[in-house]
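What follows draws every value from the coordinates through simple rules; no lab data is involved. Just so it is clear, the structure is predicted and the values come from calculations on it, not from any experiment. Quick reminder, even Gly has a Cβ in these numbers, built from the backbone with ideal geometry, and neighbours come from all protein chains shown.
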Amino acid sequence: MSTSFVAFDLETAKVLPQQAGDLLAHRPLGIACAAAVVPGQAAPVTWHGMQDGKPSARMSRAEVGSMVEQLTSLVNRGLTLVTWNGLAFDFDVLAEESRSGSTGVDHAQTTSPEHASLWRLAQRARRQ
């Protein structure tokens with residue numbers, strides 16, 4: 001059985017100086033946009049905020065909630081989410097910005113085969 005992967009990333013809305021250090025210390029960060037590359041789809045799935053029919057600088061709670069539902073649906077279909085630093089950052093920001101307390105793609109799921117963190121793999125490789 002082969003595994004299908006979905007590459008996912010988000011960009012925060014809050015603009016911080018390069019020397020900001022721990023980004024999570026500057027909450028709330030907001031989400032400006034996100035994207036996922038899904039197998040079988042010609043173009044990436046993208047999300048961004050809308051206000052008065054125009055793109056906005058920050059996604060609303062409802063817009064983030066809808067994105068979380070779509071990501072959860074992908075995981076429920078058996079796809080594995082791949083992020084650079086999802087456990088320590090992306091999923092944390094998703095939970096906060098959707099105000100759900102849990103992303104649906106929660107820590108139980110993201111520490112299981114449904115999530116692969118490239119940052120964790122890079123850290124492991126660095127130690128070897």
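Looking across region 46-65, the residues that are in contact (Cβ under 8 Å) with a residue 12 or more places away in the chain and not aliphatic (A, V, I, L, M) come down to T46, W47, H48, G49, R58, R61, E63, G65. In this structure, does K14 turn out to be at negative phi, free of Cβ contacts under 8 Å to residues at least 24 places away in the same chain and in contact with a Gly (Cβ under 8 Å, 6 or more places away or on another chain)? Taking the combined requirement at face value, the residue satisfies it. Close Cβ contacts (under 6 Å, 6 or more residues apart or on different chains) running from residues in region 76-101 that are touching a residue at least 40 places away in the same chain (Cβ under 8 Å) to residues that are of a type in the set (F, W, Y) and part of a helix (DSSP H, G or I) comprise W84/W119. Annotation: of all residues in region 1-53 being assigned to a helix (DSSP H, G or I) and among the small types (G, A, S), the one that is farthest from G78 (Cα to Cα) is A20.
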